[in-house]
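Just below is one structure, and these are the notes that go with it.
The values are calculated or read from the model by the stated rules, or taken from the named source; none is laboratory data. Because the structure is a prediction, the values reported are computed rather than measured. No Cβ is skipped: glycine too gets one built from the backbone with ideal geometry, and neighbour counts run over all protein chains shown. Note: areas computed on protein heavy atoms with side chains; ligands, DNA, RNA excluded. Shrake-Rupley method; radii C 1.70, N 1.55, O 1.52, S 1.80 Å.
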Amino acid sequence: VIILTFVVMLVVVILSTLAGLRDSTLVYTREFDEWTLVFPKKDTRLPKALIAEIAAHPATERVIDSRNCFVRVKTLIGPMPFNLRAAKRDEMEYLMARAQARHRSGTLPRAGTSEVALHENIMKANGWSIGREFGIDVDEEDWMPGGFKVVGILEGPVPVGVCSFEFLNNPLQYAFSAKLWERVVVVAKPGRTAEINAFLRGLPEVKVYDK
């Protein structure tokens, strides 16, 4: 009886832990309730005509040219990548408003710099504070090429992070960005997310991250 009770308790603990991990992982996909991420499947860039077609779709509210930047986040099962959204300042503020993200402390990244602003959840998970630097230039075991500095902390229901589009789009900084870093953020009109996602998934030239 004692052994059986122990086994049952162990199973409950394991299942609870797994459920907690699943729930905490799903938190980081909440951004896809607000927008969809599109990137090239084979070509180095999305054709301008295709971007124009996406922008012209009746379910599209806005299309934002972006780039890929990520930070390594500590979790119970090991480090995981968390993607930031590279954008110009007005687009950055637009995405933050969509995600109900508020600027809690510090500043937002300046155009053309390697500055980033991270959600407070990411900062807490890594034990970081404003001024923290990351990237391969800082730590050879990091995953993100270059060097970046946290200058701001965000708060809100959707974990997001933002950085400068101008910096990541600079070929002198990332000569390989055309192939590895291009992303397009597609924002649907109210109530039409499923419609635009179905359209995007039907495009043979792209891969889609949605929810």
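For the stretch 129-140, enumerate the residues that are surrounded by fewer than 18 Cβ atoms within 10 Å (Cβ to Cβ) and not in a strand (DSSP E or B). Even if it seems obvious, please write down each step before you answer.
Step one: filter the stretch 129-140 for residues surrounded by fewer than 18 Cβ atoms within 10 Å (Cβ to Cβ), giving 129-133, 136-140.
Residues satisfying the conditions are Ser129, Ile130, Gly131, Arg132, Ile136, Asp137, Val138, Asp139, Glu140.
Looking at the stretch 75-90, which of its residues are open to solvent by 90 Å² or more (accessible area, probe 1.4 Å) and at pLDDT below 90? Residues satisfying the conditions are Leu76, Ile77. Looking across the stretch 196-211 at every residue that is of a type in the set (D, E, K, R), closer than 13 Å to Phe39 by Cα and surrounded by fewer than 18 Cβ atoms within 10 Å (Cβ to Cβ), the one that is farthest from the chain's Cα centre (by Cα) is identified as Glu205.
Among the criteria (1) within 22 Å of Asn169 (Cβ to Cβ); (2) hydroxyl-bearing (Ser, Thr, Tyr); (3) not in a loop (DSSP other than H, G, I, E, B), the one Thr113 does not fulfil is (3). All told, Ala101 meets the bar of being free of Cβ contacts under 8 Å to residues at least 60 places away in the same chain and crowded, with 21+ Cβ neighbours inside 10 Å.
Conditions tested, residue by residue: (1) over 27 Å from Ala56 (Cα atoms); (2) of a type in the set (D, E, K, R).
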residue	(1), (2)
Glu115	yes, yes
Asn126	yes, no
Asp142	yes, yes
Gly147	yes, no
Val151	yes, no
Pro159	yes, no
Val184	no, no
Ala194	no, no
Leu200	no, no
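Cβ-Cβ contacts under 7 Å between residues 6 or more apart (or on different chains), taken from a first residue in the stretch 193-211 that is farther than 16 Å from Pro40 by Cβ to a second residue that is surrounded by fewer than 18 Cβ atoms within 10 Å (Cβ to Cβ) and hydroxyl-bearing (Ser, Thr, Tyr), are listed as Lys211/Thr29.
Candidates are the residues of the stretch 29-71 that are farther than 26 Å from Gly146 by Cβ and basic (Lys, Arg); the one that is least open to solvent (accessible area, probe 1.4 Å) is Arg62. Pairs linking a residue in the stretch 141-154 that is outside any strand (DSSP E or B) to a residue that is modelled with pLDDT of 95 or more and hydroxyl-bearing (Ser, Thr, Tyr), with Cβ atoms under 8 Å and 6 or more positions apart or on different chains, are Gly146/Ser114; Gly147/Ser114. Checked against the criterion of being among the small types (Gly, Ala, Ser), out of contact with any Cys (no Cβ under 7 Å at 6 or more places or on another chain) and part of a helix (DSSP H, G or I), the stretch 68-83 has no qualifying residue.
Looking only at the stretch 141-154, how many residues end up being open to solvent by less than 50 Å² (accessible area, probe 1.4 Å) and closer than 23 Å to Arg102 by Cα? If you could, list the steps in order and put the result at the bottom.
Quick first cut of the stretch 141-154, residues open to solvent by less than 50 Å² (accessible area, probe 1.4 Å) only: 142, 144-148, 150-154.
This time we only want the ones that are closer than 23 Å to Arg102 by Cα, so: 148, 150-154.
Residues in the stretch 141-154 being open to solvent by less than 50 Å² (accessible area, probe 1.4 Å) and closer than 23 Å to Arg102 by Cα: 6 in total.
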